[in-house]
Amino acid sequence: MKIGVMLGRLSNKYNQPLQSFPIRSWEEEFDNAARIGFDCIEWVEDGLSDKQNPFFDYKGRKNLKNIQKLKKITINSICAHSFITGGLISPNQVERMYWVDRLRFIIDCSIDLGIEHIIIPLMDASSINSAEKENLLFKSFSEIEAIPSGLKILFETDLSAKDSLNFLNKINRRDIGLAYDLGNSTQLNHNLYSDILSLNPFIGEVHLKDKDSSNSFRLGLGKTDFKAAAKALKECDWQGSFILETPIFNNWEQEANSNFLFAQGLISSIKSS
């Protein structure tokens with residue numbers, strides 16, 4: 001089990017939104033990740049800074065490969081955050097195909113970089129909370145060819161475990177799974193223990209976040225039932241990456257160090273006999 005962190009959580013954001021590509025500081029985040037002890041970084045694309053994001057450029061990806069070797073910090077996944085705008089479920093076919101083409105490009109770039117998971121959020125404007133929206137997503141993915149082995153798309157949804165399972169059975173693709181966010185599931189009043197037990201075969205990544213009904217906290221200070229999550233993951237013998245998707249508040253370094261230690265403790269509790 002690896003501990004990773006979402007890009008943008010290990011530097012000052014310089015007035016950028018938290019869930020955005022850190023244009024001015026992405027390189028220094030590799031040094032910060034190595035110093036704290038992280039194994040990997042989850043890359044981010046936001047649709048607003050493609051020209052500055054090395055992920056989208058051949059020379060940029062070559063540079064990222066070299067940095068990973070030098071710093072011993074891997075990029076195993078990318079959060080395709082721009083898709084939260086709902087393009088893949090747009091009723092406008094022209095707009096939908098634009099996003100299908102964008103996803104194809106992200107897949108190609110991910111293969112080149114050796115990425116294992118592409119995280120696509122299905123919430124907010126991209127939530128598939130109706131049969132119509134679900135069908136539109138199916139149409140979009142009917143245009144996406146089977147992804148080569150070694151790469152999967154993981155959906156992060158706001159659906160119940162039952163509805164997520166129904167959706168996955170309908171789409172019926174070996175290259176699609178789930179990213180399970182402990183904090184978001186807490187905010188949605190889901191039962192983490194039963195969720196994880198039922199969704200376990202599809203969970204490719206777990207996001208560590210601590211929430212109550214409306215706010216995010218440093219890990220361990222919110223309402224997220226990490227003990228129940230750890231119990232379920234242990235029972236499932238789950239092996240995968242934990243990605244910190246935690247806020248940086250006024251001091252990214254203090255938050256990152258505290259949250260990293262919490263994640264280490266969580267993994268120890270899962271491994272313990």
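Worth pointing out:
- Top-ranked residue of the stretch 205-230 - restricted to ones that are among the charged types (D, E, K, R) and under 27 Å from Asp175 (Cα atoms), ranked as nearest to the chain's Cα centre (by Cα): Glu205
- If the condition is being more than 22 Å from the chain's Cα centre (by Cα) and hydrophobic (A, V, I, L, M, F, W, C), then the stretch 87-98 contributes Val94, Met97.
- Any hit, the stretch 172-193, residues being outside any loop (DSSP other than H, G, I, E, B), loosely packed, with under 14 Cβ neighbours inside 10 Å and modelled with pLDDT of 95 or more: no
- Some residue of the stretch 259-270 being polar (S, T, N, Q), assigned to a loop (DSSP other than H, G, I, E, B) and within 24 Å of Pro17 (Cβ to Cβ): no
- Flag if Ser194 is of a type in the set (S, T, N, Q) and farther than 30 Å from Phe56 by Cα: yes
- Selection within the stretch 133-153 - hydrophobic (A, V, I, L, M, F, W, C), in contact with a Ser or Thr (Cβ under 8 Å, 6 or more places away or on another chain) and not in a loop (DSSP other than H, G, I, E, B): Leu136
- Out of Glu205, Glu253, sole residue that is surrounded by fewer than 16 Cβ atoms within 10 Å (Cβ to Cβ) and in contact (Cβ under 8 Å) with a residue 60 or more places away in the chain: Glu253
- Inter-residue pairs, beta-carbon under 8 Å, first under 18 Å from Glu205 (Cβ atoms) and in the stretch 4-24, second hydroxyl-bearing (Ser, Thr, Tyr) and assigned to a strand (DSSP E or B), 6+ apart: Gly4/Ser77; Gly4/Ser241
- Whichever residue in the stretch 32-86 is within 17 Å of the chain's Cα centre (by Cα) and aromatic (Phe, Trp, Tyr) and, among such residues, is nearest to Ile111 (Cα to Cα): Phe55
- Screening Asp237 on (1) in contact (Cβ under 8 Å) with a residue 12 or more places away in the chain; (2) acidic (Asp, Glu); (3) over 17 Å from Met6 (Cβ atoms) shows it passes everything except condition (1).
- Counting the residues of the stretch 208-222 that are assigned to a loop (DSSP other than H, G, I, E, B) and charged (D, E, K, R) gives 3.
The values are calculated or read from the model by the stated rules, or taken from the named source; none is laboratory data. These numbers were taken from a predicted model, which means no experiment stands behind them. Cβ sites come from the backbone with ideal geometry, for glycine too, and all protein chains shown count toward neighbours.
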